[in-house]
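For reference, the structure discussed in these notes is given below.
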Amino acid sequence: PQIKAIKFSPDGKVVITGGVQNTCYSCGQLDEWQVKDSLLLKTITNSLMGVTNDIDLSANGQTIISGNGDVECTEGCYIVRSGQYSFALNGTLKKFIDSGDIIYSIRYSPDNTVIAVGTGQNNTGVIRLYDSSYNLLRILPGHQYETSGLAFTPNGQYLVSGGDDGLVYVWDYKTGALIRTMVHGSYLDGGGFGTVEVSPDGKYMSGLGWGSY
């Protein structure tokens, strides 16, 4: 399958990949691999999931959360809406949350008490925050077309988001306050922002975009 997301388990023994099922572009797929010998342990597919755009694992490595959905443009564009799925490591579906639009990024907070979900649809991206029981806490303004990158600072104080409007936001997500805005480029200039990351000591941020840098 086409791989769109990858995440190691906390112990480094298993790697989870997410993407597109070979036989169905609008079907999401998760694969669990044993790292030491590249053995495929399990495949999780669901014809209703849509493309698996992003994944994250809980701190104990026992729960996989995935963000799904797709826009297909082969014969006229249509939107495959999906949402947030939660799986046990054995592949059992634990929870499904309909986010109302396509999910492009998803992250656990460091203490696993908050799940941040970056979405996009109809040229409007938002960030939805859920608690560990998947109850909606608040909605933050996202990025112009899609919120494609999310990262929490290691101390859990701030949430960093990026999107294809070329902006990077730093949020006090507990209050909903926008702390800082940084300009990476613009969508029209080809400076879309794909992913964001925070260094382990919380002092630096980096990102992967496309086009102008």
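The values are calculated or read from the model by the stated rules, or taken from the named source; none is laboratory data. Just so we're clear, the structure is a prediction, and the values are computed from it rather than from any experiment. Virtual Cβ from ideal backbone geometry, glycine too; neighbours counted across all protein chains shown.
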Query raised in the report: If you take just the strands (runs of 3 or more DSSP E) that sit entirely in region 84-145, which of them hold at least 2 residues that are touching a Leu at 6+ places or on another chain (Cβ under 6 Å)?
Result: 102-108, 114-120, 126-131, 136-141
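What number of residues within region 137-156 are surrounded by fewer than 19 Cβ atoms within 10 Å (Cβ to Cβ) and without any contact (Cβ under 8 Å) to a residue 40 or more places away in the chain? First the steps, then the outcome.
As a first pass, look at region 137-156 and keep what is surrounded by fewer than 19 Cβ atoms within 10 Å (Cβ to Cβ): 137-139, 141, 144-145, 153-156.
The next check asks that each one be without any contact (Cβ under 8 Å) to a residue 40 or more places away in the chain; those that pass are 137-139, 141.
Total meeting the criteria: 4.
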Requested in this report: Being touching a residue at least 12 places away in the same chain (Cβ under 8 Å) and over 17 Å from the mean Cα position of the chain (by Cα) is the filter here, so list the residues in region 168-177 that pass it.
Outcome: Asp172, Gly176
Query raised in the report: Does region 126-167 hold any residues that are among the charged types (D, E, K, R), within 15 Å of the chain's Cα centre (by Cα) and more than 14 Å from Met182 (Cα to Cα), and which are they?
Result: Arg128, Glu146
Report task. Please specify each residue of region 31-60 satisfying the condition of being at pLDDT below 90 and closer than 14 Å to Gln84 by Cβ. Result -> Asn46, Leu48, Met49, Gly50, Val51, Thr52, Asn53
Report task. Those residues that are over 11 Å from the mean Cα position of the chain (by Cα), surrounded by 14 or more Cβ atoms within 10 Å (Cβ to Cβ) and at pLDDT below 90, I need them from region 96-125; list them, please. Result -> Phe96, Ile97, Ser99, Asp101, Gly120, Gln121, Thr124, Gly125
